[in-house]
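Report on one structure; see the data block that follows.
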Amino acid sequence: MPNQTEVGAAVAEALARAQHHRQRSPRKMRVRLLTQWGEGEGLTVQARIAGRCESELVAQEGLGVRVIPWAELDRRAGELPGLVDAAVEEIETAVAAAPAPARPSRVEGGLDWEAYEGLAEAAYERVLAVMRPLVEEAPASLSLGGALEAVFLGLMKAAALASVGAGMGKDDAREMLEAAVAELLGRVSEGHRASLAPRLDA
């Protein structure tokens, strides 16, 4: 049947557009074509971005959805690829406009700053204690620089997990990292930095 062929081709193109958006988005993008029956029934396009904070989840509520009722599908099938694009654009715009979360130290009243600073210093000392054996036990195929970079990457993943748990936005996390690097570079000599992780053959 001609109509069936046109609908099938439109669905295939819409799925290709969905895959395109998933691949090009720097965020975890989910774009689906769903068959919906009952209230609001029809072929449904649904776009969603994995939220990094509550404000991003709230911003997407009720957005990123397009529906072609079943009775109109034969006539409107050609709209499907455009509906995918529109749903994705709507959801990306909403997430981009979502207010960034502030870190707890900026919004919590009566924060125990002495305990905060003490825990931060304890975490720093604990990490330093772990860094040395990690680098000393690194595979011989890695240079000192390569081993330190790998350790840094692992520590950053752990730090990122902590920032997500604290409800922080990426801008706050970046600011704290830059401040920490500036502080350390200002007080630690090049010789001391190298001594943190001596070469395996030293």
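The values are calculated or read from the model by the stated rules, or taken from the named source; none is laboratory data. Keep in mind it's a predicted model, so treat the numbers as computed, not measured. Quick reminder, even Gly has a Cβ in these numbers, built from the backbone with ideal geometry, and neighbours come from all protein chains shown. Note: areas computed on protein heavy atoms with side chains; ligands, DNA, RNA excluded. Shrake-Rupley method; radii C 1.70, N 1.55, O 1.52, S 1.80 Å.
State all residues of the range 84-105 that are within 18 Å of residue 174 (Cβ to Cβ) and without any contact (Cβ under 8 Å) to a residue 12 or more places away in the chain; if no residue qualifies, say none. If the condition is that a residue be within 18 Å of residue 174 (Cβ to Cβ) and without any contact (Cβ under 8 Å) to a residue 12 or more places away in the chain, then 96, 105 are the ones that fit. Restricted to helices (runs of 4 or more DSSP H) entirely inside the range 115-202, those with at least 1 residues that are polar (S, T, N, Q), farther than 30 Å from residue 95 by Cβ and at pLDDT below 90 are 190-195. Here residue 81 passes the criteria (1) of a type outside the set (A, V, I, L, M); (2) touching a residue at least 12 places away in the same chain (Cβ under 8 Å); (3) farther than 30 Å from residue 159 by Cα; (4) open to solvent by 60 Å² or more (accessible area, probe 1.4 Å) except the one numbered (4). For the range 125-134, filtering for residues that are open to solvent by less than 60 Å² (accessible area, probe 1.4 Å) and closer than 17 Å to residue 184 by Cβ leaves 3. The residue that is nearest to the chain's Cα centre (by Cα), among those in the range 38-72 that are open to solvent by less than 30 Å² (accessible area, probe 1.4 Å) and within 18 Å of residue 19 (Cα to Cα), is 49. Quick one: is residue 90 at pLDDT below 95 and either in a helix (DSSP H, G or I) or not hydrophobic (A, V, I, L, M, F, W, C) (or both)? Against the criterion (at pLDDT below 95 and either in a helix (DSSP H, G or I) or not hydrophobic (A, V, I, L, M, F, W, C) (or both)), residue 90 does not qualify.
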